[in-house]
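**Student:** Below you'll find the structure I mean.
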Ligand SMILES: Cc1cc2nc3c(=O)[nH]c(=O)nc-3n(C[C@H](O)[C@H](O)[C@H](O)COP(=O)(O)O)c2cc1C
């Protein structure tokens, strides 16, 4: 078989008509190496053998099973494919082709990657082996990671700040994103797996305005409060660090009504002596820890899931000074539920965040006894 013909087959493989059966260019026992090992249909597998497997997994002819995370694997739409910088060389039974590939994915994203393909032809002129070298990390991030913008769990954990100044007040937040993040978050632990919480997400402008007014009043009341000797009443507000926090805190106060979504998580049962459980000792540390511990892990997972998708939030508790009015505003039975706080949610301006400044963990760790 001539190298000319082999070159022609490779050209057809990439740029032939859409209805060309590409598998007909391959031998029955053709092998295809593509190195990624991330296809849900074949986890860990990097080499595919035979037309059936290659057609199904590599060329994506059969729908892929959904991974356990439920995050759909995206694909590029072949009808939108564009090749740039194509270089092809042939030598004996081998053809090597390198190109830059770009396309739109089925979920509407841009896909771009570099590829190098080494094809080997058998004595019948059929492709019997393909080595596909491509930016597997780029492919993984663009096709397999869905809407995630931060992929490293440690990075998500270390770079989720209270976002105030960088909340994008213009870009709407789709309800689907909130729903998906909560879907991820509800897998957090909670007491007896009863999930005694509800996340009330407010996107109605009038209701947001009313919440923002309560927040502003609550903050004013907090700032005007009589001071005690407790450390939280004696923070030095003149330091550069505290001035920076103050700028950010006031910015949130002044723009709260413009934040696309305001979330108020509530947990069933009061631990402050009010409500139906008041006759029992619901104020004990056991009940407090069990109640709060049944919502806060889910809430923090929710915030991390938002961060991983390019959104941000800030943990705020000031509205709890006005909890009864908030309850009324949101149609919550005050006697039966406690509010955890108020969580503004928006896309962030940029998705690069520094590691949050904290004291070293060693300062907060003891082995075997608190006493050193
Ligand atoms: C329990 C709790 C209550 C908070 N209350 C408020 C609040 O009412 N308003 C606000 O703007 N930030 C509030 N914050 C955010 C903290 O100020 C913020 O997490 C802290 O300054 C550290 O900043 P960083 O997480 O961005 O590094 C609260 C945080 C926590 C954990």
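**Student:** Would you be able to tell me the number of residues in the stretch 268-293 that are closer than 13 Å to residue 334 by Cβ and at pLDDT 90 or above?
**Tutor:** 4
**Student:** Looking at 350, 312, can you tell me which residue is away from the ligand (no atom under 13 Å from the Cβ) and either assigned to a loop (DSSP other than H, G, I, E, B) or closer than 19 Å to residue 252 by Cβ (or both)?
**Tutor:** 350
**Student:** Oh, and also: Does residue 63 satisfy the condition of being farther than 17 Å from residue 4 by Cβ, free of Cβ contacts under 8 Å to residues at least 24 places away in the same chain and in the same structural domain as residue 26 (by TED's automatic domain parsing)? Walk me through it before giving the result.
**Tutor:** Numbers: farther than 17 Å from residue 4 by Cβ: yes; free of Cβ contacts under 8 Å to residues at least 24 places away in the same chain: yes; in the same structural domain as residue 26 (by TED's automatic domain parsing): yes.
Yes, satisfied.
**Student:** Sticking with this one: Please state which one of 326, 338 is assigned by TED's automatic domain parsing to the domain that holds residue 217, crowded, with 20+ Cβ neighbours inside 10 Å and under 13 Å from residue 211 (Cβ atoms).
**Tutor:** Just a single option satisfies the conditions, and that option is 326.
**Student:** Within the stretch 108-123, track down each residue that is farther than 23 Å from residue 8 by Cβ and touching a helix residue (DSSP H, G or I) at 6+ places or on another chain (Cβ under 9 Å).
**Tutor:** 109, 110, 111, 112, 113, 114
**Student:** Further question: Which one of 271, 283 is surrounded by fewer than 16 Cβ atoms within 10 Å (Cβ to Cβ), assigned by TED's automatic domain parsing to the domain that holds residue 190 and part of a loop (DSSP other than H, G, I, E, B)?
**Tutor:** The match here is 283.
**Student:** Report yes if some residue within the stretch 154-161 is surrounded by 14 or more Cβ atoms within 10 Å (Cβ to Cβ), touching a strand residue (DSSP E or B) at 6+ places or on another chain (Cβ under 9 Å) and over 30 Å from residue 2 (Cα atoms); otherwise report no.
**Tutor:** Scanning the stretch 154-161 turns up at least one residue that is surrounded by 14 or more Cβ atoms within 10 Å (Cβ to Cβ), touching a strand residue (DSSP E or B) at 6+ places or on another chain (Cβ under 9 Å) and over 30 Å from residue 2 (Cα atoms).
**Student:** So residue 368 passes all but one of these: (1) in a loop (DSSP other than H, G, I, E, B); (2) under 28 Å from the mean Cα position of the chain (by Cα); (3) away from the ligand (no atom under 16 Å from the Cβ). Which condition number does it fail?
**Tutor:** So residue 368 meets the others, but not (2).
**Student:** What are the residues in the stretch 250-280 that are within 13 Å of the ligand (Cβ to nearest atom) and either out of contact with any helix residue (DSSP H, G or I) (no Cβ under 9 Å at 6 or more places or on another chain) or farther than 21 Å from residue 205 by Cα (or both), if any?
**Tutor:** Answer for the stretch 250-280, where residues must be within 13 Å of the ligand (Cβ to nearest atom) and either out of contact with any helix residue (DSSP H, G or I) (no Cβ under 9 Å at 6 or more places or on another chain) or farther than 21 Å from residue 205 by Cα (or both): just 251.
**Student:** Which ones in the stretch 40-58 are assigned to a loop (DSSP other than H, G, I, E, B) and in contact with a strand residue (DSSP E or B) (Cβ under 9 Å, 6 or more places away or on another chain)?
**Tutor:** Residues satisfying the conditions are 42, 46.
**Student:** What helices (runs of 4 or more DSSP H) completely inside the stretch 127-234 contain at least 2 residues that are without any contact (Cβ under 8 Å) to a residue 12 or more places away in the chain?
**Tutor:** Helices (runs of 4 or more DSSP H) meeting the threshold: 153-158, 175-185, 205-223.
**Student:** Tell me yes or no: at least one residue of the stretch 159-167 is away from the ligand (no atom under 16 Å from the Cβ) and within 15 Å of the chain's Cα centre (by Cα).
**Tutor:** Taking every residue of the stretch 159-167 in turn, none turns out to be away from the ligand (no atom under 16 Å from the Cβ) and within 15 Å of the chain's Cα centre (by Cα).
The values are calculated or read from the model by the stated rules, or taken from the named source; none is laboratory data. Since this is a predicted model, take the numbers as computed values, not measurements. As a convention, Cβ positions derive from the backbone with ideal geometry for all residues, glycine included, and neighbour counts pool all protein chains shown.
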